[in-house]
């Protein structure tokens, strides 16, 4: 990790692909589940041709109920059942390793803020955060649904800021160089390098836990 071994004031944690590998309607993957046959077509429809709406969802411009209504109307499925199973899958999401929370706790005891920073939906705040008691285990949650912007979004009027993180850093009297982001995504715009916010790329759960150990 090289330079990333230094002490940071804040560690930002991506959710999907870093802290967790869980997905919406994961329970439908089980071939014994009564709605197993719904999983593939619904996932393809939502994450394929309707990806622009998913992006709007993550930016807080539509809510879960609107997405469920679209899916139910298209497939002729029950809105109540789709929403109920969506909520259940969000509440059943799991971290990639049992080592994660003890390592996060170690960082926090040493004075480092640990904050989830996720491009996500209202379902994360409404269902996943309370079900997993994430607000007790982390110092904060930055969700694109609430910030109205994704981690990759650029401020074309000021290229020396990262809109997603700006308010948090200002509110906590921090600079970009005081923080590091652990994330499985590649940010290729040059914005992060320009602003001085280190990004540690995560490739898989073992890689994540290993890098988290080094930080802790």
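A few points about this structure:
- All of 105, 152 fail the test of being part of a helix (DSSP H, G or I) and in contact (Cβ under 8 Å) with a residue 24 or more places away in the chain, apart from 105.
- Complete set of residues in region 107-137 that are closer than 19 Å to residue 174 by Cα and either surrounded by 23 or more Cβ atoms within 10 Å (Cβ to Cβ) or in contact with a helix residue (DSSP H, G or I) (Cβ under 6 Å, 6 or more places away or on another chain) (or both): 114, 116, 117
- Residue match in region 184-206 (condition: in a helix (DSSP H, G or I), touching a residue at least 24 places away in the same chain (Cβ under 8 Å) and either surrounded by fewer than 13 Cβ atoms within 10 Å (Cβ to Cβ) or touching a strand residue (DSSP E or B) at 6+ places or on another chain (Cβ under 6 Å) (or both)): yes
- The listed residue being assigned to a loop (DSSP other than H, G, I, E, B), at pLDDT 95 or above and surrounded by fewer than 19 Cβ atoms within 10 Å (Cβ to Cβ), out of 173, 158: 173
Conditions tested, residue by residue: (1) closer than 30 Å to residue 215 by Cα; (2) outside the structural domain of residue 124 (by TED's automatic domain parsing); (3) surrounded by 17 or more Cβ atoms within 10 Å (Cβ to Cβ).
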position: 57; (1), (2), (3): no, yes, yes
position: 62; (1), (2), (3): no, yes, yes
position: 65; (1), (2), (3): no, yes, no
position: 75; (1), (2), (3): no, yes, no
position: 81; (1), (2), (3): no, yes, no
position: 86; (1), (2), (3): no, yes, yes
position: 99; (1), (2), (3): yes, no, no
position: 105; (1), (2), (3): yes, no, no
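The values are calculated or read from the model by the stated rules, or taken from the named source; none is laboratory data. Quick caveat, the model's predicted, so the values are computed rather than measured. Using ideal geometry, Cβ is built from the backbone for each residue, glycine included, and neighbour counts are taken over all protein chains shown.
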